[in-house]
Structure formats: C-alpha cells, structure tokens
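Following: one structure in structure tokens, then a few remarks.
The values are calculated or read from the model by the stated rules, or taken from the named source; none is laboratory data. These numbers come from a predicted model, not from an experiment. Methodologically, a virtual Cβ is constructed for each residue, glycine included, from the backbone with ideal geometry; neighbour enumeration extends over all protein chains shown.
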C-alpha cells in the first residue's frame, strides 16, 4: 500500500496554497470590476467599493447597452472572431495535415513558416500591403493579416503526427481521398488539438485592439477591444485635465467597468466548453516522434 511521505504532504499543501492564491489573483480583479459596475456614483467617488456593490443599481449597464458605438463594436468583434477563427482553422488544418506527412522539401517549408514566426515583415510594410489591397476600413483587414500563425501550425502538425498511420493506410485501401481522410478520420480524432488552437485564435481576435485602431479610420467600425482602449485612454486624459472634476471622472468609472466586464463575458462563457480539451490538446500537441 502506498503511503504519502511528509515531503509529499508539504509539497501538496504549498501547491494547493499557490493554486488558490493564483486563482484569487485572477478572480478578485474581475469581482472588483463587477462590484464597481453595479455601484452608485457616490460610492465610487467615495472609494467605498471593494468586492461587493455599494448602492446597487444597473444604470451603468443601461447606459452601456444604450451606446450605439459599443453595440456596433461588439458585433464587429463577434464577426471578426467567427470569421477569423473559421478562416484560420481551415488554413491551419489543411496545412497541418499536409506538413504532418513526410515528403521532399517538407523541412524547408517548416523552417520557412518558423522564420515568419521569429521575424515579421514589420508594421509599415503590413500597413502598405493592407492599404494597397483595398482592405482598409473593412472587416478583412482585421481577419486576413493574422489568418496564418506558425505557432498554431506547429501544434496541429505535432498533434496530427500522433494519429496512427495505419488508419490512413486502411482508408486509402478503401478508396478514400485525402479530403475524406482529413474530414472523417483526422478531424474527429484531433478534436482536443483543434479546440485548443481554436481557443488561442478566438482569444487573440477578441482581445486584439491595435489593428482595429490602425486599419479603421472610422471609430464606428472599431472592434470592441479598440473601442475600450479609446475609452480608457480618453478617460485617463480627462482625469488628468484640471477642468475635469474628480467626482465626474469617478462617476464614469462604473460605465467603464460595465463595458469592460461585458467584454470579458463571451470568452468566460466559451472557455468552460473547451476547457476539457485544452490540457489534453497542449500535452499531445507537444509530443514529437
């Protein structure tokens, strides 16, 4: 019978304590944000809000969802995330399936893609290219430049390599095409890896703000992250201005908190459905033959 040693017990105590502390570090700021969004202006200006609403009201959320720019930015982010994830996963799964096979020139292609991960073309050439292609001020400027990621490709290639070759050979004998093998064998068996990479891409698109400001000249076309960035920057500039009263600046804090909290909800709601695949996808994707 296995007996836990004293060292193991001490390690377990410190391990659980560390994980609880890490969880609180992630959870408490979100709880404070929610409390601020549900508190009154007087409570916020008096710095009375910690982790529980003071002077409970929903005014901040009413104003948030009454803001047409916020709603349009949210729809832009949803469209961007859906389109970007779908296009990226189509490209990455096709490329990953091909590069998981042995053929002449495969290593050259892999190093070519890895090179793009280490050295980018630069901001100015990217802007010139997007503008020259007529993508500026369109949703495609937010989707196409980042449609291919070398890191995600490496994960999928390594994951596809873990699938037994015998399954593919048996399918070939039965007359299956490459597309049929990919769609009916590789994709179902690669669900953890696909879910992991999809989550990476979704979070990247949802949180990306710089390209929205760069490629969208009209603020009404900003994705949600770009909209929130401008709100935070403008709020900070107003708080620094001598003509702006402290009470008025603090009264806007609840609206800003509500907008930021709402922006985190989609990722929070999606993650539990993909979480069970996440660890398995990372571990199996890191295995190399």
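Quick rundown of the values:
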| item | result |
| --- | --- |
| Residues within region 32-44 that are over 28 Å from residue 212 (Cβ atoms) and either within 25 Å of the chain's Cα centre (by Cα) or surrounded by fewer than 17 Cβ atoms within 10 Å (Cβ to Cβ) (or both), tallied | 2 |
| Residue match in region 47-54 (condition: closer than 21 Å to residue 264 by Cα, within 21 Å of the chain's Cα centre (by Cα) and loosely packed, with under 14 Cβ neighbours inside 10 Å) | no |
| Residue in region 161-182 that is in a helix (DSSP H, G or I), within 28 Å of residue 267 (Cα to Cα) and modelled with pLDDT of 85 or more present | no |
| Hits in region 75-107 (condition: modelled with pLDDT of 90 or more and over 21 Å from residue 200 (Cβ atoms)) | 75 |
| Of all residues in region 154-167 being surrounded by fewer than 20 Cβ atoms within 10 Å (Cβ to Cβ) and in contact with a helix residue (DSSP H, G or I) (Cβ under 7 Å, 6 or more places away or on another chain), the one that is farthest from residue 89 (Cα to Cα) | 167 |
| The one condition in (1) in contact (Cβ under 8 Å) with a residue 24 or more places away in the chain; (2) over 28 Å from residue 73 (Cα atoms) that residue 139 fails to fulfil | (2) |
| Number of the condition not met by residue 187 [criteria: (1) at pLDDT below 85; (2) over 30 Å from residue 136 (Cα atoms); (3) surrounded by fewer than 19 Cβ atoms within 10 Å (Cβ to Cβ); (4) within 23 Å of the chain's Cα centre (by Cα)] | (1) |
| Test: residue in region 6-29 that is surrounded by 15 or more Cβ atoms within 10 Å (Cβ to Cβ) and either modelled with pLDDT of 90 or more or closer than 18 Å to residue 255 by Cβ (or both) | no |
| Criterion: under 19 Å from residue 213 (Cα atoms) and under 23 Å from the mean Cα position of the chain (by Cα) - qualifying residue of 138, 131, 116 | 138 |
| Any hit, region 91-104, residues being under 24 Å from the mean Cα position of the chain (by Cα) and either within 30 Å of residue 253 (Cβ to Cβ) or free of Cβ contacts under 8 Å to residues at least 24 places away in the same chain (or both) | no |
| Condition met for residue 193 (modelled with pLDDT under 90, out of contact with any strand residue (DSSP E or B) (no Cβ under 9 Å at 6 or more places or on another chain), on the phi < 0 side of the Ramachandran plot and part of a helix (DSSP H, G or I)) | yes |
| Test: residue in region 51-60 that is in a helix (DSSP H, G or I) and in contact (Cβ under 8 Å) with a residue 12 or more places away in the chain | yes |
| Criterion violated by residue 75 - all others in (1) within 30 Å of residue 190 (Cβ to Cβ); (2) surrounded by fewer than 17 Cβ atoms within 10 Å (Cβ to Cβ); (3) within 20 Å of the chain's Cα centre (by Cα) satisfied | (1) |
| Number of the condition not met by residue 70 [criteria: (1) surrounded by 17 or more Cβ atoms within 10 Å (Cβ to Cβ); (2) within 30 Å of residue 191 (Cβ to Cβ)] | (2) |
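Results for (1) part of a helix (DSSP H, G or I); (2) surrounded by 13 or more Cβ atoms within 10 Å (Cβ to Cβ); (3) on the phi < 0 side of the Ramachandran plot; (4) in contact (Cβ under 8 Å) with a residue 60 or more places away in the chain, shown as yes or no for each residue.
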| site | (1), (2), (3), (4) |
| --- | --- |
| 81 | yes, yes, yes, yes |
| 88 | yes, yes, yes, yes |
| 109 | yes, yes, yes, no |
| 112 | yes, no, yes, no |
| 120 | no, no, yes, no |
| 125 | yes, no, yes, no |
| 135 | no, yes, yes, yes |
| 145 | no, yes, yes, yes |
| 152 | yes, yes, yes, yes |
